[in-house]
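K.L.:
Please read through the structure below; I'll follow up with questions.
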Amino acid sequence: MKTREALDQITYLQELITQTRLRAADGYPYFLLWGVLWILGYISSIWLSHLVWLVIGPVGGVLSIVPRFTRKKGQSAPP
């Protein structure tokens with residue numbers, strides 16, 4: 001492998017890492033939200049009935065839509 005080819009591959013991998021980080025950062029609020037809801041659901045089902053999941057699901061669904069509307073209009077999704 002020639003030096004130029006190796007440098008091109010390293011540059012490509014760096015761009016790929018940057019894009020992956022942007023995509024992961026874009027999904028961070030959703031992972032955090034659903035993680036908290038699952039923790040609350042499991043803790044609540046100890047004392048309350050398992051019907052708490054009927055509330056947590058729709059609440060999570062509605063709250064998952066909020067970050068889409070709070071994104072600035074000029075801000076695009078990551079590539």
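The values are calculated or read from the model by the stated rules, or taken from the named source; none is laboratory data. Keep in mind the model is a prediction, meaning the values are calculated, not measured. As a convention, Cβ positions derive from the backbone with ideal geometry for all residues, glycine included, and neighbour counts pool all protein chains shown.
K.L.:
I need a count of the residues in segment 41-52 that are loosely packed, with under 15 Cβ neighbours inside 10 Å, under 24 Å from Ile65 (Cα atoms) and of a type outside the set (Phe, Trp, Tyr). Even if it seems obvious, please write down each step before you answer.
P.N.:
Filtering segment 41-52 down to residues loosely packed, with under 15 Cβ neighbours inside 10 Å leaves 42-43, 45-51.
Checking the rest, the ones that are also under 24 Å from Ile65 (Cα atoms) come to 42, 51.
Next, only the ones that are of a type outside the set (Phe, Trp, Tyr) stay: 51.
Residues flagged as loosely packed, with under 15 Cβ neighbours inside 10 Å, under 24 Å from Ile65 (Cα atoms) and of a type outside the set (Phe, Trp, Tyr) within segment 41-52 amount to 1.
K.L.:
Another one. Can you tell me which of (1) more than 14 Å from the chain's Cα centre (by Cα); (2) surrounded by 11 or more Cβ atoms within 10 Å (Cβ to Cβ); (3) of a type in the set (Val, Ile, Thr) is the one Ile17 doesn't meet?
P.N.:
With respect to (1) more than 14 Å from the chain's Cα centre (by Cα); (2) surrounded by 11 or more Cβ atoms within 10 Å (Cβ to Cβ); (3) of a type in the set (Val, Ile, Thr), Ile17 is out only on (2).
K.L.:
Same structure, new question: Which is aliphatic (A, V, I, L, M) and modelled with pLDDT under 85, of Leu63, Leu16, Leu7, Leu22? Spell out how you get there, then give the answer.
P.N.:
Numbers: Leu63 fails: modelled with pLDDT under 85; Leu16 fails: modelled with pLDDT under 85; Leu7 fails: modelled with pLDDT under 85.
The match here is Leu22.
K.L.:
So the check is Cβ under 6 Å with 6+ separation or different chains; which pairs have a first residue in segment 53-79 that's closer than 17 Å to Arg23 by Cβ and in a loop (DSSP other than H, G, I, E, B) and a second one that's of a type outside the set (Asp, Glu) and modelled with pLDDT of 70 or more?
P.N.:
Every condition considered, the pairs that remain are Pro78/Leu22; Pro78/Arg23; Pro79/Gln19.
K.L.:
State yes or no: is Leu37 surrounded by 10 or more Cβ atoms within 10 Å (Cβ to Cβ), touching a Gly at 6+ places or on another chain (Cβ under 9 Å) and in contact (Cβ under 8 Å) with a residue 12 or more places away in the chain?
P.N.:
Judged against the criteria, Leu37 is a match.
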